[in-house]
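A short write-up of the structure that comes next.
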Amino acid sequence: MRLLFATFQSPLHPAGPYARAIERLWWVFFAITAVIYVLMLIGFALAVRKGARRKQADLSDEATRSGARFITIALSATTVILIGLLFTSIATGRDISPVDDKVTREIKITGHQWWWEVQYAEARPDMIVETANELHLPVGERVKLILDSDDVIHSLWIPNLHGKRDLIPGYDGVLTLTADKTGTYRAQCAEFCGLQHAKMAFLVIVEPKADFERWLTAQRLPAPFPKTADQQHGQQVFLTSTCVMCHAIKGTSAGARTGPDLTHLASRRTLGAGILPNTLGNLHGWIANAQTIKPGVLMPPNPLEPNDLHALVAYLETLQ
Amino acid sequence: MRNALLLASCLLAAAACRREQREIVHSPAASHASGGIVRLSELQPGQPTPEVEVRNASEEKAYDINEGKRLFAAYNCSGCHSHGGGGIGPALMDNYWVYGSHPENIHDTIVEGRPNGMPSFGGKIPDYQIWEIVAYVRSLSGLVNPTVAPSRDDHMQVKVAEQSKKEESTEEKKKP
């Protein structure tokens, strides 16, 4: 029940102009169809009552003519209402697809089975920020999301900010949006993309510009060298076992690009594409056997010795 | 007669299921070499020990062969073997095997590495994934059962899906 009225993933709680246009359209459709529904129910009840009182059907010319007149009026009203709704819908479609291209920032989002790769474009390669399953946006700024996929078709849906847009492999989709209310919103893959489609979510964090810039600057830094002996042992575990085959940590020799970039893993709020809070216990469980949490995920089970696993998690926790 | 046909088709259907079986939860065993079962040389002192045949369960599943192909790309095997055509490393789609063509030979090649370039992946790739890669590598030269080679891709690929093909032979084709 709480989820039904949740505001963090709802098109009825818009946090931007485009979502507001969609919400307006939703209410127009809802109001008109609700009125028609109630009228239909009343008409139906009246007809049942009238029919129950009468012994025989009235087949006189006058009754037939009045019936035909009523049907003509109802049909014309239906046509007018439907055409009216069509134009409201087209007008909303125009409102949410701006033709001008003035944006302050371009962000590339790539869909994977089953996680999201997020890359903040910059002219200088060393300034590019790469993260996963979390999109930070400065409030009030108009940004352009460039959508692509690495495998199958996915669809990005941030209900509080915009409508759905598909991520099609080899084709750049574009979604321009502005968020004008700070907050954390949940987004979800909206196109069936395989076994774990339902567990392919991510968070959109809309924050004040100063906070956003601070976050972006922190994300540009490489991972620091671990301080304690335990953490250093954890780094060795990472670099010498299965982790290094798929994941990258900037500042180390790990540079594989199959799985999410882990350079700032500890700063993220969720694990496994928005399905688990990023806590110590969950991280242990995810590394040991992600298959029991998200069956079919490409992360294999990792049979590490307990002290190696603890050290690895201790190291990953330093990746702020 | 009718009953026999019905029974036969049921059995056929069951066989088809096996090919498409997908194991989601794998044994988390780490990869290690076969420990002396596999011999690299046929020369042995005394009476030769009989060969132990190792069954690769991944070779009976279309999905596993496909996974092998995905991992072949993910772990950058193509960097040297170039999609099986060979480059820095030897070609994998011909009939010439430096270290043996049996599944256990290829498994050990991946786990232990080989002199002059092949890195050792032992401990870096889970064992079940190595067997999947082995199945894919053998499919490149037509060594897997033709009814298993999937002829379709489970992941987006830049190359056509692997088809079943005749086993590679060493005899050169005679020109007509």
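The values are calculated or read from the model by the stated rules, or taken from the named source; none is laboratory data. Quick caveat, the model's predicted, so the values are computed rather than measured. Note that each Cβ is placed from the backbone with ideal geometry, even for glycine, and that neighbours are counted across all protein chains shown. Surface accessibility is based on the protein's heavy atoms, side chains included, excluding ligands, DNA and RNA. Shrake-Rupley method; radii C 1.70, N 1.55, O 1.52, S 1.80 Å.
Taking the range A:291-310 as the range and being hydrophobic (A, V, I, L, M, F, W, C) and part of a helix (DSSP H, G or I) as the test, only A:LEU309 passes. Answer with yes or no whether A:PRO222 is loosely packed, with under 15 Cβ neighbours inside 10 Å and modelled with pLDDT of 95 or more. The answer is no for A:PRO222. Checked against the criterion of being in contact (Cβ under 8 Å) with a residue 60 or more places away in the chain, within 30 Å of B:GLY122 (Cβ to Cβ) and open to solvent by less than 20 Å² (accessible area, probe 1.4 Å), the range A:179-194 has no qualifying residue.
In the range B:74-100, what residues are free of Cβ contacts under 8 Å to residues at least 24 places away in the same chain and within 14 Å of chain A (Cβ to nearest Cβ)? Don't jump to the end; show me each part of the working.
The initial filter retains those residues of the range B:74-100 that are free of Cβ contacts under 8 Å to residues at least 24 places away in the same chain, namely B:74, B:76, B:78-79, B:81-82, B:85-87, B:90-91, B:97-98.
Selection gives B:ALA74, B:ASN76, B:SER78, B:GLY79.
Annotation: of all residues in the range B:1-22 being open to solvent by 80 Å² or more (accessible area, probe 1.4 Å) and modelled with pLDDT of 75 or more, the one that is nearest to the other protein chains (Cβ to nearest Cβ) is B:ARG22. The set of residues from the range A:233-264 being among the charged types (D, E, K, R) and away from chain B (no Cβ under 11 Å) comprises A:LYS250, A:ASP261. For the range A:274-290, enumerate the residues that are in a helix (DSSP H, G or I), surrounded by fewer than 18 Cβ atoms within 10 Å (Cβ to Cβ) and of a type outside the set (A, V, I, L, M). Result: A:GLY281, A:ASN282, A:HIS284, A:GLY285, A:ASN289. Applying the set (1) of a type in the set (Ser, Thr, Tyr); (2) surrounded by fewer than 16 Cβ atoms within 10 Å (Cβ to Cβ); (3) within 14 Å of chain B (Cβ to nearest Cβ) to A:SER267 leaves exactly one unmet item: (3).
Please state which of the following conditions B:ASP94 fails to meet, knowing it meets all the rest: (1) under 19 Å from B:ARG18 (Cα atoms); (2) not in a helix (DSSP H, G or I). It is condition (1) that B:ASP94 fails.
Of the residues making up the range A:224-247, those that are touching a Ser or Thr at 6+ places or on another chain (Cβ under 7 Å) and without any contact (Cβ under 8 Å) to a residue 60 or more places away in the chain number 2.
Applying the selection to the range A:289-301, what residues are within 7 Å of chain B (Cβ to nearest Cβ), in contact (Cβ under 8 Å) with a residue 24 or more places away in the chain and touching a helix residue (DSSP H, G or I) at 6+ places or on another chain (Cβ under 9 Å)? A:PRO300, the sole residue that qualifies.
Residues are listed down the side, and each one gets a yes or a no for (1) away from chain B (no Cβ under 14 Å); (2) on the phi > 0 side of the Ramachandran plot; (3) not acidic (Asp, Glu):
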| residue | (1), (2), (3) |
| --- | --- |
| A:ASP150 | no, no, no |
| A:SER155 | yes, no, yes |
| A:LEU161 | yes, no, yes |
| A:TYR185 | yes, no, yes |
| A:LEU195 | no, no, yes |
| A:LEU203 | yes, no, yes |
| A:ALA210 | yes, no, yes |
| A:PRO224 | yes, no, yes |
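Would you mind telling me which numbered condition in (1) away from chain A (no Cβ under 14 Å); (2) within 17 Å of B:GLU23 (Cα to Cα); (3) touching a helix residue (DSSP H, G or I) at 6+ places or on another chain (Cβ under 6 Å) B:PRO103 fails? Of (1) away from chain A (no Cβ under 14 Å); (2) within 17 Å of B:GLU23 (Cα to Cα); (3) touching a helix residue (DSSP H, G or I) at 6+ places or on another chain (Cβ under 6 Å), only one is false for B:PRO103: (2).
When B:VAL25 is tested against (1) open to solvent by 60 Å² or more (accessible area, probe 1.4 Å); (2) closer than 17 Å to B:ILE125 by Cα; (3) at pLDDT 85 or above, just one condition goes unmet, and that condition is (3).
Report yes if some residue within the range B:92-105 is touching a Pro at 6+ places or on another chain (Cβ under 8 Å), buried (at least 21 other Cβ atoms within 10 Å of the Cβ) and at pLDDT 90 or above; otherwise report no. No. Report whether or not A:GLY281 is over 21 Å from the mean Cα position of the chain (by Cα) and under 21 Å from A:ASP150 (Cα atoms). Judged against the criteria, A:GLY281 is not a match.
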